[in-house]
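Peer 1: Let me give you the structure first, and then I'll get to my questions.
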Amino acid sequence: MDDKRYWIGFTLVKGIGAVRFQRLLERFGDAGSAWRAAPVDLAGAGLGLKMIERLVAVREKVDLSLIWEQIHSKGIQVLTWMDEAYPQRLKEIEQPPPVLYLRGELSPEDSWAVAIVGTRRVTSYGRQVTEEISTYLAANGVTVVSGLARGVDAIAHNAALKAGGRTLAVLGSGVDRIYPPENRSMAEQIIEHGAVMSDYVPGTPPESSNFPPRNRIISGLSMAVIVIEAGETSGALITAEFAADQGREVFAVPGNILAPQSKGTNQLIQRGALPLLSASDIMQALNLTRVGEHKAARKALPADTVEAKLLETIGEEPLHVDEIRNQTGLPVEKVSATLVMMELKGMVRQVGNMHYVATREVQSDYWVNDE
């Protein structure tokens, strides 16, 4: 039986999130062994009595093989922490979701992503700003991330699609339960030009309690979060809070101080969010002005064994090019030429005086491609 089925099984147990699941993996070695473990061994792994009772009840009740078949019959992909395709930026947040369900495809290009969120009760001003920013980002090779909700979210997705760009939608339901229903057609377009994704098992209805937690995924996938319009209790502010906790930049669009839809964004700016005055501000602040060059470089020169060897050597601590050459045993001219290309790709960064560090954006697709 595919081990992913056991990962899915644990997502069905209320109270077992990323932290508890990680402990189970460390204790038992894999999800299958943890799923089959006796209650006494589960207690030894730190689970309380009530949690053990829930787990036992779920595994006696569910047929994981049937669930697995149903998921795949709907064309839904299942990604876990162990998959190379699992988004690297999301994996780096505190308590990343152990399982992601998605329809569509993730791309290495999605490492350049910005979230656009805001109120469902968008004004004409908010609509115009959302369309302009989303169009600009998509046209410049940046993936637009949002939540497929009414208002700002839907406008952002639609503008990105019209601009011929990529967009990702993160749901507060199963990926087979598109909500709101009027956005189903848009969801199908997103699947063709990005992905619809969720950490909720397929079949999960769009309950109100599901939406705040999913916002951590929206921000986790992104380099930054832009809040267009938001009331004082808007869910977009929750996304901004997650973004700040995750070390992401938060931008807010200033608005009329008398407008309810701008109270939340104006307060964000008051608390330190960057005021967004133009789409180009984002590109400059996030150093995204060379996204097109980065993508062209990736296509022009696929990753090879030399890049892989250099990445094994270069870490978070600055390393001089001579030390890199000594540790890899490669000719200095080969090291220098490859480092130039890797810097253009965004894999490494020179921090002065020929010292290099690996960037956080380095992902599995940079390694040797077996295709």
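Peer 1: Does the range 53-77 hold any residues that are under 25 Å from the mean Cα position of the chain (by Cα) and not in a helix (DSSP H, G or I), and which are they?
Peer 2: Listed by number, the residues that qualify are LYS74, GLY75, ILE76, GLN77.
Peer 1: Within the range 219-278, track down each residue that is part of a loop (DSSP other than H, G, I, E, B), surrounded by 22 or more Cβ atoms within 10 Å (Cβ to Cβ) and of a type in the set (S, T, N, Q).
Peer 2: Answer for the range 219-278, where residues must be part of a loop (DSSP other than H, G, I, E, B), surrounded by 22 or more Cβ atoms within 10 Å (Cβ to Cβ) and of a type in the set (S, T, N, Q): SER222, SER234.
Peer 1: Whether any residue in the range 129-145 is over 28 Å from PRO206 (Cα atoms), outside any helix (DSSP H, G or I) and more than 16 Å from the chain's Cα centre (by Cα) is what I want to check.
Peer 2: Within the range 129-145, one or more residues are over 28 Å from PRO206 (Cα atoms), outside any helix (DSSP H, G or I) and more than 16 Å from the chain's Cα centre (by Cα).
Peer 1: Here is a further query. Does MET186 satisfy being within 18 Å of the chain's Cα centre (by Cα) and under 26 Å from ALA252 (Cβ atoms)? Walk me through how you get there before you give the answer.
Peer 2: On the way: within 18 Å of the chain's Cα centre (by Cα): no; under 26 Å from ALA252 (Cβ atoms): yes.
Against the criterion (within 18 Å of the chain's Cα centre (by Cα) and under 26 Å from ALA252 (Cβ atoms)), MET186 does not qualify.
Peer 1: Now a separate question. ILE116 - would you say it is in contact (Cβ under 8 Å) with a residue 24 or more places away in the chain, in a helix (DSSP H, G or I) and in contact with a helix residue (DSSP H, G or I) (Cβ under 9 Å, 6 or more places away or on another chain)?
Peer 2: no
Peer 1: Could you figure out which of (1) farther than 30 Å from LEU258 by Cβ; (2) crowded, with 18+ Cβ neighbours inside 10 Å isn't true of VAL152?
Peer 2: Of everything listed in (1) farther than 30 Å from LEU258 by Cβ; (2) crowded, with 18+ Cβ neighbours inside 10 Å, VAL152 misses just condition (1).
Peer 1: Give all pairs with beta carbons closer than 7 Å in which a residue from the range 8-26 that is within 21 Å of ILE67 (Cβ to Cβ) meets a residue that is assigned to a helix (DSSP H, G or I) and basic (Lys, Arg); count only pairs at least 6 apart in sequence or on separate chains.
Peer 2: Pairs that qualify, where the first residue is within 21 Å of ILE67 (Cβ to Cβ) and the partner is assigned to a helix (DSSP H, G or I) and basic (Lys, Arg), are GLY9/ARG59; VAL13/ARG54; LYS14/ARG54; GLY15/ARG54.
Peer 1: Continuing with this model, one more query. Tell me, yes or no, whether the range 260-276 has at least one residue that is at pLDDT below 90, among the β-branched types (Val, Ile, Thr) and farther than 20 Å from THR135 by Cα.
Peer 2: Looking through the range 260-276, none of the residues is at pLDDT below 90, among the β-branched types (Val, Ile, Thr) and farther than 20 Å from THR135 by Cα.
Peer 1: Here is a follow-up. With respect to the numbered conditions (1) modelled with pLDDT under 85; (2) farther than 23 Å from HIS355 by Cα, which one is the sole condition not fulfilled by LEU288?
Peer 2: (2)
The values are calculated or read from the model by the stated rules, or taken from the named source; none is laboratory data. Just so it is clear, the model here is predicted, and its values are computed rather than measured. Ideal geometry is used to build each Cβ from the backbone, glycine not excepted, and the neighbour counts take in all protein chains shown.
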